[in-house]
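Below is the structure I would like to discuss, written out as structure tokens.
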Amino acid sequence: MFPKRGYSTYGQDIGILMLDTRFPRPIGDIGNANTFQFPVKYKIVKSATPDKIVAARDVARATLPLFIEAAQELESEGVRAIVTSCGFLTVVQDELASAVNVPVVTSSLMLVPLVSRMIGPSRKVGVLTANAQTLSKVHLEAVGIDDTIDVVISGMECSQAFHSMIFQDLPNPDFKQIERDIYQACAAMKGNEPSIGAFVFECTNLQPYAQRIQTELRMPVFGIIQAVNLLQTSCSDHWQLS
């Protein structure tokens, strides 16, 4: 099957809208192309920094025109689906999806209703977020997380190593300390609420450390990478010459 013509490059089915950051991103992070087993196309949304997006929903919504412009550019360049690098962008999910003609996933939080059904009504979804103090009911309801879904939310705002990397754009973060802090946060959540049946990582920068949670806590972990893989298998033509 031949690809649709009219683009400068081909084979990059997933477009990723990136916040404007400079901190290093290990494999497993959405901002490292080696995370994926297929090509992706990045678009940096200039001036959309983590402090603006995570600060408050109204601040994040003020950046919507920038995200729409970047999403439309990705679509014009041939991507078949679009994701973002910050889970707090749920507040612009509807507008961003309406602005393009390809599927859009702004946040791994969109997986929470699905994961909740997977683990059954007697168990809860543990949500680990960059900042539990600013993750509001509006962020959750924007992607279908309502009072019928039992969630336990914890944040990384007390981790100096994680916080300085994300919000101070630290060029040399302490990755080992970040991993310890993420593990301790998840272990504490599970210890305080044994009914947690799975974790969803809101922040895309948490996902490089999911393996330790899966191995040591014996818990499934879902995040933006699972959403990207779903989109890739659903939207790609997988075309080849024969």
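Yes/no matrix, rows are residues, columns are (1) within 18 Å of the chain's Cα centre (by Cα); (2) modelled with pLDDT of 95 or more:
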site	(1), (2)
Gly11	no, no
Gly15	yes, yes
Ile27	yes, yes
Gly31	yes, yes
Asp58	no, no
Ala70	yes, yes
Val83	yes, yes
Asn101	no, yes
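While we're on this one: Of all residues in region 190-228 being small (Gly, Ala, Ser) and out of contact with any Gly (no Cβ under 8 Å at 6 or more places or on another chain), which is farthest from Ser116 (Cα to Cα)? Talk me through it step by step, then tell me what you get.
Start the filter on region 190-228 by keeping residues that are small (Gly, Ala, Ser), which leaves 191, 195, 197-198, 210, 223, 227.
With the extra rule that they be out of contact with any Gly (no Cβ under 8 Å at 6 or more places or on another chain), the set shrinks to 191, 195, 223, 227.
Numbers: Gly191: 19, Ser195: 12, Gly223: 14, Ala227: 15 Å.
Per the criteria, the residue is Gly191.
Of all residues in region 196-215 being in contact with a helix residue (DSSP H, G or I) (Cβ under 7 Å, 6 or more places away or on another chain) and assigned to a helix (DSSP H, G or I), which is nearest to Lys41 (Cα to Cα)?
Taking region 196-215 first, the residues in contact with a helix residue (DSSP H, G or I) (Cβ under 7 Å, 6 or more places away or on another chain) are 196-207, 209, 212-213.
From what's left, assigned to a helix (DSSP H, G or I): 204-207, 209, 212-213.
Details: Thr204: 17, Asn205: 18, Leu206: 21, Gln207: 19, Tyr209: 23, Arg212: 28, Ile213: 29 Å.
Across region 196-215, the extreme among qualifying residues is Thr204.
On to the next question. From the set of residues in region 100-158 that are charged (D, E, K, R) and over 17 Å from Ala56 (Cα atoms), which is surrounded by the most Cβ atoms within 10 Å (Cβ to Cβ)? Lay out the reasoning, then the answer.
Step one: of region 100-158, the residues charged (D, E, K, R) are 117, 123-124, 137, 141, 146-147, 150, 157.
Checking the rest, the ones that are also over 17 Å from Ala56 (Cα atoms) come to 117, 123-124, 146-147, 150.
Details: Arg117: 10, Arg123: 17, Lys124: 19, Asp146: 9, Asp147: 8, Asp150: 16.
Per the criteria, the residue is Lys124.
To continue, here is another question. If only one of Asp237, Asp174, Asp150 is in contact (Cβ under 8 Å) with a residue 24 or more places away in the chain, of a type outside the set (Lys, Arg) and within 24 Å of Gly31 (Cα to Cα), which one is it?
Numbers: Asp174 fails: in contact (Cβ under 8 Å) with a residue 24 or more places away in the chain; Asp150 fails: within 24 Å of Gly31 (Cα to Cα).
From the options Asp237, Asp174, Asp150, the qualifying one is Asp237.
Within region 45-88, track down each residue that is more than 16 Å from Gly31 (Cβ to Cβ) and either outside any helix (DSSP H, G or I) or in contact with a Cys (Cβ under 7 Å, 6 or more places away or on another chain) (or both).
Hits for region 45-88 are Ser47, Ala56, Thr63, Glu77, Gly78, Val79, Arg80, Ala81.
Does any residue of region 182-198 turn out to be touching a Cys at 6+ places or on another chain (Cβ under 8 Å) and buried (at least 16 other Cβ atoms within 10 Å of the Cβ)? Before you say what the answer is, go through the steps one by one.
Narrowing region 182-198 to residues touching a Cys at 6+ places or on another chain (Cβ under 8 Å): none.
No - not one qualifying residue is present in region 182-198.
For residues that are outside any loop (DSSP other than H, G, I, E, B) and more than 12 Å from Ala130 (Cβ to Cβ), tally how many sit in region 165-177. Quick ask: steps written out before the conclusion?
So the first thing to find is which residues in region 165-177 are outside any loop (DSSP other than H, G, I, E, B), and the list is 165-167, 175-177.
From what is left, the residues that are more than 12 Å from Ala130 (Cβ to Cβ) are 175-177.
Adding up the residues that qualify gives 3.
Condition check ((1) of a type outside the set (A, V, I, L, M); (2) touching a helix residue (DSSP H, G or I) at 6+ places or on another chain (Cβ under 8 Å); (3) loosely packed, with under 15 Cβ neighbours inside 10 Å; (4) under 16 Å from Glu73 (Cβ atoms)) across all residues:
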residue	(1), (2), (3), (4)
Thr21	yes, yes, no, no
Pro26	yes, yes, no, no
Asn34	yes, no, yes, no
Phe38	yes, yes, no, no
Pro50	yes, yes, no, no
Ala55	no, no, no, no
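Report the residue count in region 114-132 for those that are assigned to a helix (DSSP H, G or I), more than 15 Å from Met189 (Cβ to Cβ) and in contact with a strand residue (DSSP E or B) (Cβ under 9 Å, 6 or more places away or on another chain). Walk me through it before giving the result.
Of the residues in region 114-132, the ones assigned to a helix (DSSP H, G or I) are 114-119.
Restricting the remaining residues to those that are more than 15 Å from Met189 (Cβ to Cβ) gives 114, 116-118.
In the following step, the residues that additionally are in contact with a strand residue (DSSP E or B) (Cβ under 9 Å, 6 or more places away or on another chain) were identified as 114, 116, 118.
Of the residues in region 114-132, 3 are assigned to a helix (DSSP H, G or I), more than 15 Å from Met189 (Cβ to Cβ) and in contact with a strand residue (DSSP E or B) (Cβ under 9 Å, 6 or more places away or on another chain).
Sticking with this structure for a sec: Look at region 133-164 and say how many of its residues are assigned to a strand (DSSP E or B) and closer than 21 Å to Asp51 by Cβ.
Kept after step one, since they are assigned to a strand (DSSP E or B), are these residues of region 133-164: 151-155.
Of the ones still in play, those that are also closer than 21 Å to Asp51 by Cβ are 153-155.
Final tally of qualifying residues: 3.
Go through region 216-242 and give me each residue that's of a type in the set (Asp, Glu) and in a loop (DSSP other than H, G, I, E, B). Before the answer, list the steps.
Initial filter on region 216-242 (of a type in the set (Asp, Glu)): 216, 237.
The one that is of a type in the set (Asp, Glu) and in a loop (DSSP other than H, G, I, E, B): Asp237.
The values are calculated or read from the model by the stated rules, or taken from the named source; none is laboratory data. Just so you know, these numbers come straight off a predicted model, no measurement behind them. Here Cβ is always computed from backbone atoms with ideal geometry, including for glycine, and neighbour counts include all displayed protein chains.
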